[in-house]
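In what follows, a structure is listed as structure tokens, so that the remarks can point back to it.
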Amino acid sequence: MKQWILWLVGVWLVVGWGTAVSPTALAQANDLTSRAEVTFGQGITFYLTGPISSTVEQVELFLVVGDSPTPFTAKATMMPGEPGQLSASYHLEREMVTLPPFAEVRYWWVISTAGGQTTQVPEASITYRDDRFAWRTLAVEDVTVYWTGNDETLGQTAWDIVQGSRQTLDAILPPTAVSPLNVYIYPSTGDLRAGLRLAGQDVVDGHTDPDLGVLLVTAVNPVTAAAELRQSIPHALTHLRLHQLEPTAVLPYWYEEGIALLSAGLDAARDELVATAVANNETLPLLQLCTNFPQEPDQADLALAQSVSLLRTIQAQFGDQALRQLGSIYLSGTSCEVGLTQTLDMSLVDLEVTWLDAQAPQPAWLTFLTENGLWLLLVVGSFGLLALILRR
Ligand SMILES: [Zn+2]
């Protein structure tokens, strides 16, 4: 009898303490299937299905968008079905929470069964991504590339460009990394804009919101796709990294766009623009790049070309270190002009003179020598040899 009482007390303790998550309930939770379906622009539908032996009184859905501090909670709808089978769902409308395009959504369920037991179903996650395309994917290390179309190699091309851009940016920006990194390559700018608009956003001044945390680029023409991506990936990654370093910073426009263009490498058309402006004495004063970036398209193009050219002069004369310092100083909120003097110990006027000197076309004889140096050397050499032979 005594043993019976002890056994009963034991059972009571186990059941009592195990109310929150009982072993049977836990095993049941693992048998259930939790999944979600995205309808981009509209929302996400969450489903919980599978066998359950207890009587379910309520199913609640918990979800967290991105790194939001508090979860969104909602009561799921239970579908009548076969006995012993649970079928619950919840449709989350886009407007019900702040649901940016390409956001990661973590979700889990809590089931309440008769007798006040609650069980938590293991957490799962889904990306609220544009579902209008059959995305191809390539995931290697911490970089995943999504693209459309028939080119099987485009993902690898983009992946390689990402790695190259990371190296370039490691040298010229304060240290950070956007990791993991998701890259979406849209087949056209129209498709990209339509996607963002469906999700309540848009492309502004040729840029997507860096707060989305993903790279959104386009490859319109299969023949020139690699060249397009070599420009757009480092550019977009620069904005993403600067945003990650200090999300609230408002950087001097010439610095931010200049460094994004610098990361994408040389651009002959832009160099030509600067050369023409220098030759015609029509360059924009550096102070204007700091304070009042032109709106008029031609002037804005020149301002961008001058910005990247200025950064290249700073890089050539003071090294990558100076570019990193300039970045740190601007990210800390220092003004355009003070940032320049603190980093380079030069006034704006001094810097302008240095920059203009670096742009000055080389004298005609130097150009001739650089272009024809080898031939000249050969000709002079042959004459010398001839002279030596003739002497004998
Ligand atoms: Zn930009």
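The values are calculated or read from the model by the stated rules, or taken from the named source; none is laboratory data. Computed from a predicted structure; not experimentally measured. Cβ atoms come from the backbone with ideal geometry, glycine included; neighbour counts cover every protein chain shown.
ASP205 satisfies every condition listed in (1) closer than 21 Å to GLN42 by Cβ; (2) within 11 Å of the ligand (Cβ to nearest atom); (3) surrounded by fewer than 18 Cβ atoms within 10 Å (Cβ to Cβ) except (1). Among the residues of the range 322-334, is there at least one that is surrounded by fewer than 16 Cβ atoms within 10 Å (Cβ to Cβ), modelled with pLDDT of 95 or more and in a helix (DSSP H, G or I)? The answer is no, given that none of the residues of the range 322-334 is surrounded by fewer than 16 Cβ atoms within 10 Å (Cβ to Cβ), modelled with pLDDT of 95 or more and in a helix (DSSP H, G or I). It is to be established whether one or more residues within the range 313-322 are away from the ligand (no atom under 16 Å from the Cβ) and in contact with a Phe, Trp or Tyr (Cβ under 7 Å, 6 or more places away or on another chain). Looking for residues that are away from the ligand (no atom under 16 Å from the Cβ) and in contact with a Phe, Trp or Tyr (Cβ under 7 Å, 6 or more places away or on another chain), one finds at least one in the range 313-322, hence yes.
Residues that are touching a residue at least 60 places away in the same chain (Cβ under 8 Å) and of a type in the set (Gly, Ala, Ser) within the range 198-229 comprise ALA199, GLY200, GLY213, ALA219, ALA225, ALA226, listed in sequence order. The single residue among LEU266, LEU261, LEU287 that is exposed (fewer than 14 other Cβ atoms within 10 Å of the Cβ) and either assigned to a helix (DSSP H, G or I) or within 16 Å of the ligand (Cβ to nearest atom) (or both) turns out to be LEU287. Determine, yes or no, whether ALA227 is assigned by TED's automatic domain parsing to the domain that holds ARG193, away from the ligand (no atom under 13 Å from the Cβ), farther than 30 Å from ALA103 by Cβ and exposed (fewer than 14 other Cβ atoms within 10 Å of the Cβ). It is true that ALA227 is assigned by TED's automatic domain parsing to the domain that holds ARG193, away from the ligand (no atom under 13 Å from the Cβ), farther than 30 Å from ALA103 by Cβ and exposed (fewer than 14 other Cβ atoms within 10 Å of the Cβ).
Condition check: hydroxyl-bearing (Ser, Thr, Tyr), under 19 Å from GLY164 (Cα atoms) and within 15 Å of the ligand (Cβ to nearest atom). Does THR238 satisfy that? Answer is yes for this residue.
Residues in the range 245-258 that are within 15 Å of the ligand (Cβ to nearest atom) and either modelled with pLDDT of 95 or more or in contact with a Phe, Trp or Tyr (Cβ under 8 Å, 6 or more places away or on another chain) (or both): 9 in all. One residue stands out among those in the range 208-224 that are surrounded by fewer than 19 Cβ atoms within 10 Å (Cβ to Cβ) and among the aliphatic types (A, V, I, L, M): the one that is nearest to the ligand (Cβ to nearest atom), which is VAL220.
The condition of being in contact (Cβ under 8 Å) with a residue 24 or more places away in the chain, closer than 29 Å to ALA316 by Cβ, under 18 Å from the mean Cα position of the chain (by Cα) and in a loop (DSSP other than H, G, I, E, B) does not hold for VAL162.
Listed by position, the strands (runs of 3 or more DSSP E) enclosed by the range 114-157 that each have at least 1 residues that are not assigned by TED's automatic domain parsing to the domain that holds THR218 are 117-127. Going through (1) surrounded by fewer than 17 Cβ atoms within 10 Å (Cβ to Cβ); (2) touching a residue at least 24 places away in the same chain (Cβ under 8 Å) one by one, ASN281 falls short only on (2).
Among the residues of this structure, LEU273 does not count as one that is of a type outside the set (Val, Ile, Thr), within 29 Å of GLU352 (Cα to Cα) and either within 14 Å of the ligand (Cβ to nearest atom) or not in a helix (DSSP H, G or I) (or both).
A single entry from LYS2, LYS75 fulfils the requirement of being out of contact with any Ser or Thr (no Cβ under 9 Å at 6 or more places or on another chain) and modelled with pLDDT of 95 or more: LYS75.
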